[in-house]
Amino acid sequence: MNPQRPVNTFRNAPPPTPRPKAGNASTQRTQPTDRKPLPAQNSSVRGRKWQQARRFIRERPLLEHVYWFVIKSFLWLFFGSLGYVIVLKYVPVWVTPLVVSRWIDTFGTEESSHVYKKWRSYDNISKEAALAVVSSEDQDFPMHWGFDFDEIQDAIKENQTRKRPRGASTISQQVAKNVFLWTGRSYIRKGLEVYFTALIELIWGKKRILEVYLNVAEMGPMTFGVEAASQRYYGHSAATLSRDEAARIAAVLPNPRLLSIRNPSTYVQRRTRQISRQMRYLGGQKYIRNL
């Protein structure tokens, strides 16, 4: 009797199920529908749009001439203004748009057309005069970078209820406006004022800005600069101005055509005392010593 053979389990087992191929598994995955374009794709899209824009301009000669005229004008104005600011860092500012405007306004009137203006270097001007204008116009002048944003916010809030709007221009902004720009109010002029303020803060520095302000600010009818005001109203040079004299000059700066240094009103006298107190509170001349 023959022993039974062992059952061949491999032969009788059902055929194994084939494994899915890698390619089949990948095709079963759900493809994302909200995939963001890669940076390289964004740059290529922008490049194609720029090429289309350039082709559109080339196909229209008049538009191409206008395009290049605008580009060249912008470059000329930018580099021209930059060069002018650099030159005025070292050269006295003899004429400003404000002086020309005031001189033109005298045509056909009884007002004298003579302009009182004398340039004096910062070292030849009493530091009491420099401290007085800082105390009255811009006490944060040694610290800010051309703009006093806290003062601007306060002015915006107050002007919502005031009949006459209050300004918040710093000494740097006033210099930029008087030296480089025309008088009046407009968004274009304000934008250019911001541009020139940033330039002179970067190129001139605080001491030069204050020197120019003391020489170009209007301090009386047809009177520009602290030297001209000192000689016209006090009879001596700005180098010997006392604290009270300097404070009175600074007191008329908000409206030098109506407020008088020679015949001060009650308002000017009160404002002069306030400025003198502020000069003491700031610590005297040492407040502006390290400009």
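Each residue, SER242 and ILE71, gets one label point 7 Å from its Cα in the Cβ direction; the gap between the two is 6.5 nm.
Here the 3J(HN,Hα) profile of region 260-273, calculated from phi with Karplus coefficients 6.51, -1.76 and 1.60 at θ = phi - 60°, is 10, 7, 5, 10, x, 7, 4, 5, 5, 5, 5, 5, 4, 5 Hz, Gly and Pro shown as x. Scaled against 2.2 N^0.38 Å for its residue count N, the alpha carbon radius of gyration of region 138-291 is 1.06. Per-residue Karplus couplings for region 142-151, computed as 6.51 cos²θ - 1.76 cosθ + 1.60 with θ equal to phi - 60°, are listed in order as x, 9, 7, 10, x, 9, 9, 5, 5, 5 Hz, Gly and Pro entered as x. The Rg/Rh ratio of region 239-291, with both radii computed over alpha carbons and Rh defined as the Kirkwood radius, is 1.01.
The GluC sites (Glu not before Pro) found in region 50-138 that occupy coil by DSSP, while having at most 14 further C-beta atoms within 10 Å, are GLU59, GLU110, GLU111.
Proximity of backbone amide H atoms, modeled 1.01 Å from N, is registered between MET219 and PHE224, GLY225 at under 5 Å, excluding neighbours fewer than 5 places apart on the same chain.
Length gained on full extension, LEU282 to ILE152, computed as 0.36 nm times the residue gap minus the Cα-Cα distance: 44.6 nm. Put a dot 7 Å past the Cα of TYR187, heading toward its Cβ, do the same for LEU62, and the two dots end up 2.8 nm apart. Derived scalar couplings between HN and Hα for region 103-112 equal 5, 5, 5, 7, 5, x, 10, 7, 5, 5 Hz in order, rounded to whole Hz, by the Karplus curve 6.51 cos²θ - 1.76 cosθ + 1.60 (θ = phi - 60°), x for Gly and Pro.
Here, each number is a calculation from the coordinates, and none is a lab measurement. This one's a predicted model, so the numbers in the text were calculated from it and none came from an experiment. Note that each Cβ is placed from the backbone with ideal geometry, even for glycine, and that neighbours are counted across all protein chains shown.
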